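Report on the structure given below.
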Amino acid sequence: MKYIIDGQVVLSRPLEGPLAAQIAAFAKWAREQGYAFQSRYRRVLLAAGFSRWLGEQAVRRRYVISEHPARYLRSRARRVQVQEGDAAALKQFLDFLRRHGVIPAEKISPRRLTPVEQETQAFDRYLGDERALARATRLNYVPFIRDFLSERFGSGAVMLSRLCAGDVVRFVQRQAARLNLKRAKLLTSALRSFLHYARYRGAITLDLAAAVPPVANWSMLSIPRAIPADSVRRLLASISRRTAMGRRDYAIVLLLARLGLRSSEVAFLELDDIDWNAGHVSVRGKGGQRTMLPLPADVGAAIVAYLRHGRPHTTSRRVFLRARAPIRGFLGPSAIGSLVRHTLERAGVDSPTKGAHQFRHALATQMLRHGASLTEIGEVLRHRSPQTTTIYTKVDLHALRPLALPWPGGAR
């Protein structure tokens, strides 16, 4: 006799054990998450076997804990081969049951934090609660402070009152020597922020933030690396729009190229951010600031094509979703950078960099060549400081050459 689960998965034995009633719902969830049939079948098979084993062990539902799947797999390995990913699938089953209140959430005793970790976490909470800094900024700052405190206090007690200017200077000198300019500037910003915080708390009385040495900032050190317009056209032409993933990737690259969005702005774009009637898109930039930008017709058409003929059915409000199960929005901007890198490699396009930021540089360069002012470029790219935009004054060398005066006496 056959037993059909969720209309597709066929088992040869009936569901048994304390978790039998939840397996059909788990199978439905796996289907909604976009898992392929074989993957769903494997999950249902494991869940059914696990529930049956629990029944044989006389384990009641409310006593199921995280150690049980490992014990079940050891028992299963005596009869059949355990496959890679079986443990992860059973963990997924238990997580599903906990989310729905079927089995109780486990009380895990928190690991005892070291003094450095305690101080670092307190600083992170301050940045989020008091300063309202974006999560990305905090993720950049906190590791530097952890390293600073670890270098100064090791595994012992953190006594900020013992800090002196020499500690600050030596740390910056050692760290900056192995960092690029951007990371070195992040280091000094993080350290100043922490020392201001320590003084605000009363942990130190001296203004040690003033002792943080500046990092040389040669604003004309390098020309922004912009992908050429011809390379952008070749890249877009190489993306197949006959597949769901191709429609998604085409819309993402077009957004980067036509609007100059940052990777994070694309990754976290939501359906409600697009006003189709007005032809606008609301972009959440740095610091949570929102900017309304016009949505070009070709970009809008590319997004619509993906929404209608490529985007999986899901409750997520993100515009762009992962192509593989579990179906959800991108975890962060690095996913967009990875997408761009793979797309460039598949197309065989030689570009200045492999990241997404080169499209912002390309848009600024094109605007400059078409007569846009630095103020207009800064507004489109949503720069918070005019100083950020001045870097583009050096990119259009071809346009500047006709303005150069001839060298007296001609070329030698």
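With respect to the conditions (1) surrounded by 11 or more Cβ atoms within 10 Å (Cβ to Cβ); (2) part of a loop (DSSP other than H, G, I, E, B); (3) of a type in the set (Ser, Thr, Tyr), Ser155 lacks only one, and its number is (1).
Screening the range 338-358 for residues that are modelled with pLDDT under 90 and assigned to a helix (DSSP H, G or I) and picking the one that is nearest to Ser264 (Cα to Cα) gives His357. Looking only at the range 358-375, which residues are surrounded by 19 or more Cβ atoms within 10 Å (Cβ to Cβ) and either more than 13 Å from Pro228 (Cα to Cα) or among the hydrophobic types (A, V, I, L, M, F, W, C) (or both)? Once the filter is applied, which keeps residues that are surrounded by 19 or more Cβ atoms within 10 Å (Cβ to Cβ) and either more than 13 Å from Pro228 (Cα to Cα) or among the hydrophobic types (A, V, I, L, M, F, W, C) (or both), the range 358-375 yields Phe359, Ala362, Leu363, Ala364, Leu368. Count of the range 172-208 residues, restricted to those that are among the aromatic types (Phe, Trp, Tyr) and in contact (Cβ under 8 Å) with a residue 24 or more places away in the chain, is 2. Can you find, within the range 272-303, the residue that is farthest from Leu339 (Cα to Cα) among those that are in a helix (DSSP H, G or I) and open to solvent by less than 40 Å² (accessible area, probe 1.4 Å)? Checked the range 272-303; the qualifying residue farthest from Leu339 (Cα to Cα) is Asp273.
Listed by position, the helices (runs of 4 or more DSSP H) contained in the range 44-143 that have at least 1 residues being under 30 Å from Arg192 (Cβ atoms), open to solvent by 40 Å² or more (accessible area, probe 1.4 Å) and out of contact with any His (no Cβ under 9 Å at 6 or more places or on another chain) are 115-129.
Looking at Leu271, Leu261, Leu256, which one is within 22 Å of the chain's Cα centre (by Cα) and within 30 Å of Lys28 (Cβ to Cβ)? Result of the check over Leu271, Leu261, Leu256: Leu271. Residues in the range 257-271 that are more than 17 Å from Leu381 (Cβ to Cβ) and open to solvent by 30 Å² or more (accessible area, probe 1.4 Å): Phe268, Glu270, Leu271. The numbered conditions (1) modelled with pLDDT under 95; (2) open to solvent by 60 Å² or more (accessible area, probe 1.4 Å); (3) among the charged types (D, E, K, R) are all true for Arg146 except (1). Being polar (S, T, N, Q), assigned to a helix (DSSP H, G or I) and either surrounded by fewer than 16 Cβ atoms within 10 Å (Cβ to Cβ) or touching a Pro at 6+ places or on another chain (Cβ under 8 Å) (or both) is a property that does not hold for Ser193. The residue pairs whose first member lies in the range 246-270 and is under 16 Å from His280 (Cα atoms) and in a helix (DSSP H, G or I), whose second member is among the hydroxyl-bearing types (Ser, Thr, Tyr) and open to solvent by less than 10 Å² (accessible area, probe 1.4 Å), and whose beta carbons are closer than 8 Å, counting only pairs six or more residues apart or on different chains, are Ala251/Tyr306. Only one of the numbered conditions (1) within 30 Å of Leu368 (Cβ to Cβ); (2) open to solvent by 30 Å² or more (accessible area, probe 1.4 Å) is violated by Ala184, and that is (2). Limited to the range 308-334, what total is found for residues that are farther than 18 Å from Ser240 by Cβ, open to solvent by 30 Å² or more (accessible area, probe 1.4 Å), modelled with pLDDT of 90 or more and not in a loop (DSSP other than H, G, I, E, B)? Count: 1.
The values are calculated or read from the model by the stated rules, or taken from the named source; none is laboratory data. Since this is a predicted model, take the numbers as computed values, not measurements. Glycine gets a Cβ as well: all are built from the backbone with ideal geometry, and neighbour counts include every protein chain shown. Side chains included, ligands, DNA and RNA excluded: accessible areas come from the protein's heavy atoms. Shrake-Rupley method; radii C 1.70, N 1.55, O 1.52, S 1.80 Å.
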